[in-house]
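A.B. asks: Quick one: the structure is below, questions incoming.
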Amino acid sequence: MKNETCRRMCTRAPGYLFYAAVIFATCCRGISATAETHEFRLLRDLFEHYDKEVRPVFNTSSPVHVKFSLSLIQIISVNSKSQLLTLNVWIRQKWINPMLGWNTSKYGGIKSVNVHPSKVWIPDVILYNNADDSNGGGLEKYKTAVILSDDGTNEWNAPASFTSTCKINVANFPFDKQNCSLKFGSWTFQGDRLTMESESPSADLKLYLQNGEWNLIAMPAKLNKVYYNCCRYPYHDVTLNLIIKRKPLYYVFNLILPCALISTLTLIKFFLPPESGEKVGLGITVLLAMTVFLLLVAETLPATSDDVPLLGQYFIATMFVTAMSLVSTCTILNFFHRSPSTSPMPQWVRVIILGYMAKVFCFPNDKEEEIKVTPKTKRRKIEFDLNGDVVCDDDTYMTVQELENSSRFRDDMSVIYQSGRSTPSRRSARSMSIVAGHSSFTERLLEDISILADDVRARQEDDRQREEWRIAALIMDRMFFWLFLFITSLSTFLIFFRETVMG
């Protein structure tokens with residue numbers, strides 16, 4: 001009984017399996033029909049017979065026209081030493097692809113879809129002056145979607161970070177203005193196959209973030225057609241010129257003002273008295289400080305011999321003035337400590353420095369006036385001969401008896417001259433003559449007195465000439481102060497107040 005029942009079921013099984021397969025197929029078809037949306041059908045139909053390697057034109061002699069625009073977001077860095085510019089930008093490209101257009105009424109009113117750039121044709125627009133080793137300046141590394149519109153317009157918006165070469169002109173550093181160009185164009189398509197144009201006369205600066213070191217002046221765009229030796233047709237490119245101006249506040253407060261303050265010590269050095277012994281030490285200290293500042297500036301500048309930076313010119317000029325002031329200080333100290341016994345004062349020093357320069361720089365020279373009023377040839381003296389007679393320096397020879405009756409003696413027995421000066425009293429002369437007589441002791445005594453008087457006069461003359469050298473040194477000290485003040489002011493004006501800097 002059981003065997004018969006099993007036999008009947010086996011004979012009916014193929015019928016059951018057939019009905020089950022029909023029901024399963026019907027259900028799967030309904031599910032697939034439900035999942036096939038308008039966008040799915042659109043993409044399936046667009047790319048069913050599409051080849052992304054084919055240029056999007058029906059006429060092969062027609063070029064693809066690409067509209068290019070750029071939005072500047074941020075200036076990341078400007079490397080003056082390596083002469084590199086790094087920017088963060090947004091790139092926008094538009095072109096017409098008639099092979100990827102559709103009728104919106106057949107696909108539920110869909111007007112645009114987003115597809116991966118690897119599925120459609122894209123222009124090979126790259127940055128010509130790229131300096132980034134990680135990529136060749138192209139946009140293929142940015143995998144943002146391409147927007148396809150129903151009229152065949154393809155739009156590709158891609159954020160990018162570019163590092164390009166930029167010729168940094170450091171002639172006016174740190175008051176310099178730089179002009180860096182960004183050249184975008186196709187690398188393989190000539191002008192007969194691809195043309196370009198800029199959507200706007202300049203880059204979009206609405207989203208620009210201010211930089212702490214550079215002020216953005218402008219970023220105009222220009223279309224260029226360049227012929228190369230390799231090709232018959234020109235290559236189209238859009239070149240954007242980034243014009244920026246450096247903010248000099250950092251360099252003014254950290255380099256220029258400290259240098260100016262240190263350079264004032266060069267002038268203060270001339271106020272130090274020569275006998276202090278610190279004039280040369282101060283000059284050497286200032287020179288070393290300027291050298292250290294110059295080394296700091298050299299680290300921030302590119303190693304180029306095309307131009308000398310403005311700041312470097314100022315530092316070199318200040319160091320030169322400091323070195324020359326050190327030489328002038330040594331000259332002043334030489335004059336101040338010069339000995340008349342080894343270096344008598346030349347006549348030109350007395351005439352030019354003590355005469356004219358003292359008047360020009362308003363230096364009071366009372367010593368010189370006193371020397372002119374009472375010259376050495378008018379000094380008087382009294383000498384005694386062996387007989388006790390008195391000889392005056394105005395060629396007057398008188399004996400002791402004549403001196404007693406002479407009207408040149410006052411009541412206190414001293415000799416009176418026409419100039420008003422008087423000799424020692426007669427009592428002293430007579431006492432010396434009576435006591436000494438013709439003895440050799442008197443002769444030696446008078447000789448010693450004469451030697452002592454000559455020595456005193458020689459020392460006075462030496463002090464007078466030494467004082468003249470010191471006065472000449474002080475006059476030169478004042479002269480060099482005004483001279484280097486003028487040179488420092490003039491060099492600063494000529495370096496910083498020029499048209500390229502002020503403009």
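A.B. asks: For region 43-246, with all protein chains present and a 1.4 Å probe, just round the carbon and sulfur fraction of the accessible area to a whole percent.
C.D. replies: Ligands and nucleic acids excluded, carbon and sulfur reach 50 percent.
A.B. asks: To continue, here is another question. Would you mind computing, in nm to one decimal, how far apart the modelled labels at Leu205 and Thr264 are, each placed 7 Å from Cα along Cα→Cβ?
C.D. replies: 3.8
A.B. asks: Separation of region 200-224 and region 152-191 by C-alpha centroid, Å?
C.D. replies: One Cα centre to the other: 11 Å.
A.B. asks: Given a 1.4 angstrom probe, what's the average accessible area per residue across region 43-246, in square angstrom? List each step's numbers first, then the result.
C.D. replies: On the way: 9930 Å² over 204 residues.
Each residue of region 43-246 exposes 49 Å² on average to a 1.4 Å probe.
A.B. asks: In whole Hz, with x marking every Gly and Pro, tabulate ³J(HN,Hα) for region 290-298 from phi via Karplus 6.51 cos²θ - 1.76 cosθ + 1.60, θ = phi - 60°.
C.D. replies: Rounded to whole hertz, the list is 5, 5, 4, 5, 5, 5, 5, 5, 4.
A.B. asks: Sticking with this structure for a sec: Just to confirm, what accessible area per residue do you get for region 261-352 at 1.4 Å probe, in whole Å²?
C.D. replies: 51
A.B. asks: Output the peptides 93-101, 64-72 sorted from most to least packed, where packing is the average of other Cβ atoms within 10 Å over each peptide's residues.
C.D. replies: Numbers: 93-101: 18.4, 64-72: 20.1.
In descending order of packing, they fall as 64-72, 93-101.
A.B. asks: Now, a different point. Long-range amide H contacts for Ile217: which residues qualify at under 5 Å (H placed 1.01 Å from N, peptide plane, sequence gap of 5 or more or a different chain)?
C.D. replies: Those qualifying (amide H under 5 Å, at least 5 residues apart or on another chain) are Ile243, Ile244, Lys245.
A.B. asks: Based on the mean of other Cβ atoms within 10 Å per residue, sort peptides 250-261, 176-187 so the most packed one is first.
C.D. replies: Working: 250-261: 14.6, 176-187: 19.2.
Ranking, from highest mean packing down: 176-187, 250-261.
A.B. asks: When ligands, DNA and RNA are left out and all protein chains stay put, how many square angstrom of accessible area per residue does region 441-497 have with a 1.4 Å probe?
C.D. replies: Dividing the accessible area of region 441-497 by its residue count gives 63 Å².
A.B. asks: Which whole-Hz ³J(HN,Hα) couplings does region 192-202 yield from phi under the Karplus relation 6.51 cos²θ - 1.76 cosθ + 1.60, θ = phi - 60°, glycine and proline marked x?
C.D. replies: Once θ is set to phi - 60°, the couplings for region 192-202 become 7, 10, 8, 10, 10, 8, 8, 5, 9, x, 8 Hz.
A.B. asks: Amide H neighbours of Val66 under 5 Å, counting only residues 5+ apart in sequence or on other chains, H built in-plane at 1.01 Å?
C.D. replies: Thr195, Met196, Glu197
A.B. asks: Can you grab the distance from the C-alpha centre of region 51-106 to the C-alpha centre of region 282-334, Å, no decimals?
C.D. replies: Centre-to-centre distance over Cα atoms comes out at 52 Å.
A.B. asks: Before anything else, pin down the relative contact order of region 43-246: Cα pairs under 8 Å, at least 6 apart, normalised by residue count, whole percent.
C.D. replies: Working: 457 pairs, mean separation 49.6, N = 204.
That works out to 24 percent.
A.B. asks: Treating each Cα of region 43-246 as an identical point scatterer and ignoring solvent, apply the Debye formula and state log10 I(q)/I(0) at q = 0.08 Å⁻¹.
C.D. replies: Here log10 of I(q) over I(0) equals -0.32.
A.B. asks: How would you rank 461-474, 221-234, highest first, on the average number of other Cβ atoms within 10 Å across their residues? Could you put the intermediate results ahead of the total?
C.D. replies: Details: 461-474: 17.4, 221-234: 12.1.
Result, highest mean first: 461-474, 221-234.
The values are calculated or read from the model by the stated rules, or taken from the named source; none is laboratory data. Quick caveat: nothing in here was measured; it's all calculated off a predicted structure. FYI the Cβ positions are ideal-geometry reconstructions off the backbone, even for glycines, and counts take in every protein chain you see. We work out accessible area using only protein heavy atoms, side chains counted, and drop any ligands, DNA or RNA first. Shrake-Rupley method; radii C 1.70, N 1.55, O 1.52, S 1.80 Å.
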